[in-house]
Amino acid sequence: MKNSNMKFAVIVTIVAVALLAIIVVISSNKSQEQSVTEKTEVDLTGQPALGEKDAPVTVVEFGDFKCPSCKAWGETIYPQLVEDYLIPGDIKFSYVNVLFHGEESTVGAMAAESVFKQAPDSYWDFHKAIYDAQPEVNHDDVWLSKEKMLELAQEFPSINQDQLKQDIEEELTKPQVDIDEKLYTEHNVTQTPTIKINGSTIEDPFNYEAIKEMIDQELEAKKNE
Ligand code: CA
């Protein structure tokens with residue numbers, strides 16, 4: 001009797017240890033997965049990019065032409081980035097369309113993709129022209145329309161107006177917009193602008209010091225590679 005009690009105790013201990021080992025393995029796998037999702041490079045194939053092609057650090061903005069914070073970011077933070085890092089060749093900058101404001105976001109994104117496709121050298125100026133056209137007040141009112149895009153494009157001799165009209169009306173550049181939508185969904189973008197630096201998301205995109213710190217860290221890490 002005593003012997004079988006002993007056996008039982010040994011078996012219970014073995015089972016408990018085995019269970020513990022399994023739990024440890026599962027939880028360590030979990031934390032590995034989490035650290036991978038925290039830093040994931042964005043596939044920027046076919047996306048507009050500014051700056052040196054082989055710059056050591058990549059900054060991506062996930063933005064929406066209809067979003068007031070994106071306009072504010074473009075006017076306050078972005079120019080500092082250009083001056084401090086883009087012109088010296090430390091970063092390249094890309095923009096991915098986000099469609100959080102429905103039909104208007106989609107029209108703006110399709111127009112921008114059309115310009116990028118047919119007149120890539122005019123892309124960033126057209127991009128800025130859309131944000132400049134965003135009203136300072138009542139930005140929830142409808143303003144981002146096909147007509148507005150065609151009006152803005154008239155300032156650009158490089159843009160084929162008929163092509164732009166057709167791209168929007170027949171949604172010919174929608175496939176490029178769909179690629180962007182898939183990208184921001186994959187990267188769990190829930191607010192605009194979302195700024196990623198070499199795959200890591202900046203918690204507060206308006207904290208330029210935090211952005212600088214992360215870029216400097218990445219530059220340092222690349223130097224030591
Ligand atoms: Ca795109």
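The values are calculated or read from the model by the stated rules, or taken from the named source; none is laboratory data. These numbers come from a predicted model, not from an experiment. Every residue, glycine among them, receives a Cβ derived from its backbone with ideal geometry; neighbour counts consider all protein chains shown. Only protein heavy atoms, including side chains, enter the accessible area calculation; ligands, DNA and RNA are left aside. Shrake-Rupley method; radii C 1.70, N 1.55, O 1.52, S 1.80 Å.
Once phi is turned into θ = phi - 60°, what whole-Hz ³J(HN,Hα) does the Karplus curve with 6.51, -1.76 and 1.60 give for every residue of the range 101-115, x standing for Gly and Pro?
For the range 101-115, the Karplus-derived couplings read 10, x, 3, 5, 4, 5, 4, x, 5, 5, 5, 5, 5, 5, 5 Hz, x marking Gly and Pro.
Would you please give the FRET efficiency between Q80 and D54, computed as 1/(1 + (r/R0)^6) with r the Cβ-Cβ distance and R0 = 22 Å, to the nearest 0.05?
0.45
Could you give me D for the range 108-225, from Stokes-Einstein at 4 °C and 1.567 mPa s, where the hydrodynamic radius is the Kirkwood radius over C-alpha pairs? Units µm² s⁻¹, please. Display every interim value, and only then the final one.
Values: Rh = 16.5 Å.
The Stokes-Einstein estimate is 78 µm²/s.
Give me the net charge of G102's neighbourhood, meaning all other residues with Cβ under 13 Å from the Cβ of G102; Lys, Arg count +1, Asp, Glu -1.
Taking every Cβ under 13 Å from that of G102, the sum is -4.
Output wanted: per-residue J couplings in Hz (rounded whole) for the range 47-55, from phi through Karplus 6.51 cos²θ - 1.76 cosθ + 1.60, θ = phi - 60°, x for Gly and Pro.
Once rounded to whole Hz, the list reads 9, x, 9, 10, x, 5, 4, 9, 4.
In terms of solvent-accessible area of protein heavy atoms at a 1.4 angstrom probe, what is the ranking of K222, K71, K212, K182, highest value first?
Solvent-accessible surface, decreasing: K182, K222, K212, K71.
Ordering K196, K165 by how much accessible area each has at a 1.4 Å probe, largest first, what is the list?
In descending accessible area the options line up as K165, K196.
Using θ = phi - 60° and the Karplus form 6.51 cos²θ - 1.76 cosθ + 1.60, what ³J(HN,Hα) does each residue of the range 131-138 get, whole Hz, x for Gly and Pro?
Values, residue by residue: 5, 4, 7, 5, x, 5, 10, 6 Hz.
Which FRET efficiency, nearest 0.05, do D162 and Q191 yield, Cβ-Cβ r, R0 41 Å?
On the way: r = 36 Å, r/R0 = 0.89.
Calculated transfer efficiency: 0.65.
Whose amide H sits under 5 Å from the amide H of Y95, counting only residues 5 or more places off or on another chain, with H placed in the peptide plane?
For Y95, whose amide H was placed from the backbone, the distant partners under 5 Å are E61.
What residues have an amide H closer than 5 Å to that of T194, excluding those fewer than 5 places away on the same chain, when H is modeled at 1.01 Å from N in the peptide plane?
Residues meeting the amide H criterion: F62.
Take the alpha carbon gyration tensor of the range 48-88, find the square roots of its eigenvalues, order them as a ≥ b ≥ c, and report rounded if a/c is under 1.5; if not, report prolate when a/b exceeds b/c, else oblate.
oblate
Apply the Debye scattering formula to the range 49-115, with a single equal point scatterer on each alpha-carbon and no solvent, then give log10 I(q)/I(0) at q = 0.21, 0.23, 0.28 Å⁻¹.
Here the Debye-derived log intensity ratios amount to -0.89, -0.98, -1.14.
Between I77 and residues 5 or more places away or on another chain, which pairs have amide H atoms under 5 Å apart, with H built 1.01 Å from N, and which residues are they?
Amide H neighbours of I77, under 5 Å, 5+ apart: none.
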